[in-house]
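Taking it in order: structure first as structure tokens, then the write-up.
Computed from the coordinates by the stated procedures, all read-outs in this text should not be read as laboratory data. Keep in mind that this is a model prediction, so the values were computed, not measured. Counting neighbours? That spans all protein chains shown, and the Cβs are built from the backbone with ideal geometry, glycine included.
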Amino acid sequence: MTPVRNENESDAECVLELYGTIAENSWYDDEITPQMFKDELFSGSGPVTIWLSSPGGDCVAASQIYAMLMDYKGDVTVKIDGIAASAASVIAMAGTRVLMAPTAMMMVHNPATMAFGDHNDMRKAIELLDEVKESIINAYELKTGLSRKEIGKLMENETWMNARKAIELGFADGELTDEKKAVDAEAFAFSSKAVENALLNKLTAKYDRKPDPQPVPVNDAQTSVSDNKTQPQRGRPVDELMGRLHLIQH
């Protein structure tokens with residue numbers, strides 16, 4: 001796990017990376033244990049983002065991590081960028097929001113164990129697995145809203161889900177998107193308005209001028225100043241041009 005949180009800001013967002021097998025104890029320093037997770041999770045109180053890619057592991061350890069996330073007071077966003085299989089899918093169910101990369105996968109199946117002994121020991125092992133399955137169904141049911149029968153069938157068939165199927169069944173809430181490709185509508189609107197204003201300013205500057213006075217014929221003694229006022233003006237009124245521009249725009 002790799003925590004990212006400013007030590008001086010306990011309420012700042014924390015980013016945790018859960019990459020590896022889930023286990024009660026770490027033997028090779030690459031497993032995710034409940035104790036390691038607890039130390040990082042409760043180092044602050046702000047929102048938490050968990051990047052998750054795990055093939056699963058110990059269902060008891062996964063249950064502990066699931067319970068920690070359910071008990072956490074801040075928002076928990078789980079982002080699956082690789083795989084959330086088996087016990088890892090249980091952890092994902094604790095997210096306030098569960099987002100999957102378009103290329104990510106989720107898998108649910110029946111719990112498994114190893115047992116040895118006589119027929120009584122085998123019978124007890126079967127009973128144990130049945131109870132473990134019911135506990136796992138509890139987590140899936142809370143998240144998806146599916147019936148226990150439907151979830152049990154999905155587990156029985158070892159169901160693999162891509163992002164869209166997981167969203168359809170309620171195991172995930174949405175897909176991760178590339179925000180760089182989002183269109184900035186406000187910036188576009190501002191740019192369009194700026195172009196419109198620039199055009200209007202040019203039209204106003206060009207056509208809102210007083211008409212040049214008409215010359216008085218030198219050889220026409222009958223022409224008076226009052227006659228000069230009746231000469232047609234050059235250019236068009238600004239109001240007329242603005243009206244035509246408005247019609248073009250619409």
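Take every DSSP beta bridge with both residues inside the range 73-188 and express the antiparallel ones as a percent of the total, to the nearest 5.
30 percent
Tell me, what ³J(HN,Hα) does each residue in the range 59-67 have, in order and in whole Hz, if you take phi through Karplus 6.51 cos²θ - 1.76 cosθ + 1.60 with θ = phi - 60° and put x for Gly and Pro?
Computed from phi, the couplings for the range 59-67 are 5, 5, 4, 5, 5, 5, 5, 4, 5 Hz.
Where nothing but the Cβ of Lys and Arg (+1) and of Asp and Glu (-1) is charged, how large is the charge dipole of the range 14-181 around its Cα centre, in debye to the nearest 20?
The dipole of the range 14-181 has a size of about 580 debye.
With r defined as the distance between the Cβ atoms of ASP75 and LYS124 and R0 fixed at 45 Å, what FRET efficiency is calculated, to the nearest 0.05? It would help to have the intermediate numbers written out before the result.
Values: r = 41 Å, r/R0 = 0.91.
So the FRET efficiency works out to roughly 0.65.
Applying 1/(1 + (r/R0)^6) with R0 = 51 Å to the Cβ-Cβ distance of GLU175 and ALA198, what FRET efficiency is obtained, to the nearest 0.05?
Details: r = 41 Å, r/R0 = 0.79.
Approximately 0.80, to the nearest 0.05.
Of all beta bridges DSSP finds with both residues in the range 1-156, what is the antiparallel percent, to the nearest 5?
On the way: 1 of 22 bridges.
Restricted to the range 1-156, the bridges split so that about 5 percent are antiparallel.
Hey, can you rank 115-126, 41-52 by average C-beta count inside 10 Å, highest first? Don't jump to the answer; show the numbers that get you there.
Numbers: 115-126: 10.4, 41-52: 18.3.
Packing order, densest peptide first, comes out as 41-52, 115-126.
Summing +1 for each Lys or Arg and -1 for each Asp or Glu, what net charge is found among the other residues whose Cβ lies under 14 Å from the Cβ of ARG97?
Once all neighbours under 14 Å are counted, the net charge is -2.
Bins of 10 Å, beginning at zero and ending with the bin holding the largest distance: percent of Cα pairs per bin for the range 14-181, please.
Calculated P(r), rounded to whole percents: 10, 39, 35, 13, 3, 0, 0.
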